[in-house]
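Reading through the C-alpha cells given below for one structure.
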Amino acid sequence: MNQPELAPMDDALHDRSTVFAALGEPVRLAIVESLLLSDLTPQDIVTAMDIRSNLLAHHLNVLQAAGLLERIRSTGDGRRRYLRLRSDTPRPIVHVPPLHARNVLFVCADHGVRSMIAERLWATISDIPASSAGRAANRTLSPMARRVATETNLGALDRPPTAWQDLRTPPDLLVTLSDVVRETADLPTGPNTTLLHWSTPEPADEQRQTHTDMIQQLAARMHVLVTALGSTNGARERVSA
C-alpha cells in the first residue's frame, strides 16, 4: 500500500507557517481583512480599531515580516504611507467583508488613464454599472495608453473627460486611484457613499510595462471587490495584459 508523501520541511513550509502564525492573532487578522478592499494609512486603522499606535506598529511589523503587507509611500504627501496587502496574500483563509453598491465611480486627478482604464476593466468583470471622472476634466492620454487599452480588449479611450463636479448624484461606491486626490480633494461623496482607496501610480507615458502592470494590479483588486459585492459577469476572460 502506497502512502502519500509528507510535505518536505523546506523554506516554503516555513513561510506558510509564519503566515498562519501572524494571522493567528485576532487584531492582525482584522488588519489584513480591512486591507482586502482598500489601502489604508496606519492612522486610518488606529481610528477604526481604537488601537494604540505603538501596538499597531508591532502588529504591522509582524505582518510585514510574514510577507503579508507592504508600505507604500504616497505620491502626494511623501510623509504619508499606505498599507497594502501583497498580491500573493493567501485569500482563502481570510474573510472578504461584504459590500452593497448599485454603482461604482473610479476617480483620479484629471480623469486620466487610471480611472478610464478602471472603468473599462470593471465592465469586463462586473455587471454593476461603473463610470469614471476626475477632479478636473483636462486629461491628455498618451498614445501608449490608447494602444494598450485597445490591445487588451478594453476599447478605444475616446470618451470626453468628465469632472466629478458635473455628476448629478454621488456614487454608492467611490474608488480613488490617486493619492493626491485621496488626500486633498473634496470628493463627490454622499451620506451613503462607501469610499475605497487603491494607491495606483500613474503609468509612465511611453512604457508599456507600467501600463500592463497597472491593469494587472487593478484586475486583481477588482476580483476581490466583486467577491465583496457578489456580482460578476461572463466577460472577465476578455481581458489579457
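The values are calculated or read from the model by the stated rules, or taken from the named source; none is laboratory data. Owing to the predicted nature of the structure, the values given are computational and were not obtained by experimental measurement. Cβ: placed from backbone, ideal geometry, glycine included. Neighbour counts: every protein chain shown.
Summary of computed values
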item: Scope segment 108-135; condition assigned to a helix (DSSP H, G or I) and not basic (K, R); matching residues; result: V113, S115, M116, I117, A118, E119, L121, W122, A123, T124, I125
item: Matching entry among T200, T189 (being surrounded by 13 or more Cβ atoms within 10 Å (Cβ to Cβ), among the β-branched types (V, I, T), touching a residue at least 60 places away in the same chain (Cβ under 8 Å) and not in a strand (DSSP E or B)); result: T200
item: Residues satisfying the stated conditions in segment 86-107, i.e. over 15 Å from the mean Cα position of the chain (by Cα) and either without any contact (Cβ under 8 Å) to a residue 60 or more places away in the chain or assigned to a strand (DSSP E or B) (or both); result: P92
item: Residue within segment 70-85 that is outside any loop (DSSP other than H, G, I, E, B) and over 17 Å from the mean Cα position of the chain (by Cα) present; result: no
item: Residue that is at pLDDT below 95 and crowded, with 16+ Cβ neighbours inside 10 Å, where the choices are A149, A156; result: A149
item: E5 surrounded by fewer than 18 Cβ atoms within 10 Å (Cβ to Cβ), at pLDDT below 95 and within 19 Å of T194 (Cβ to Cβ); result: no
item: Matching residues in segment 26-39 - criterion: being crowded, with 19+ Cβ neighbours inside 10 Å and either free of Cβ contacts under 8 Å to residues at least 12 places away in the same chain or not small (G, A, S) (or both); result: R28, I31, V32, L35, L37, D39
item: Residue count for segment 175-196, restricted to those that are farther than 20 Å from E119 by Cα and of a type in the set (K, R); result: 0
item: In segment 168-186, the residues that are among the charged types (D, E, K, R) and either crowded, with 19+ Cβ neighbours inside 10 Å or assigned to a loop (DSSP other than H, G, I, E, B) (or both); result: R168, D172, D179, R182, D186
item: Given (1) farther than 24 Å from S74 by Cβ; (2) of a type outside the set (A, V, I, L, M); (3) modelled with pLDDT under 90, index of the condition T169 fails; result: (3)
item: Total residues in segment 24-59, condition part of a helix (DSSP H, G or I) and out of contact with any Pro (no Cβ under 9 Å at 6 or more places or on another chain); result: 19
item: Among (1) modelled with pLDDT under 90; (2) surrounded by 15 or more Cβ atoms within 10 Å (Cβ to Cβ) - the single one G234 does not satisfy; result: (2)
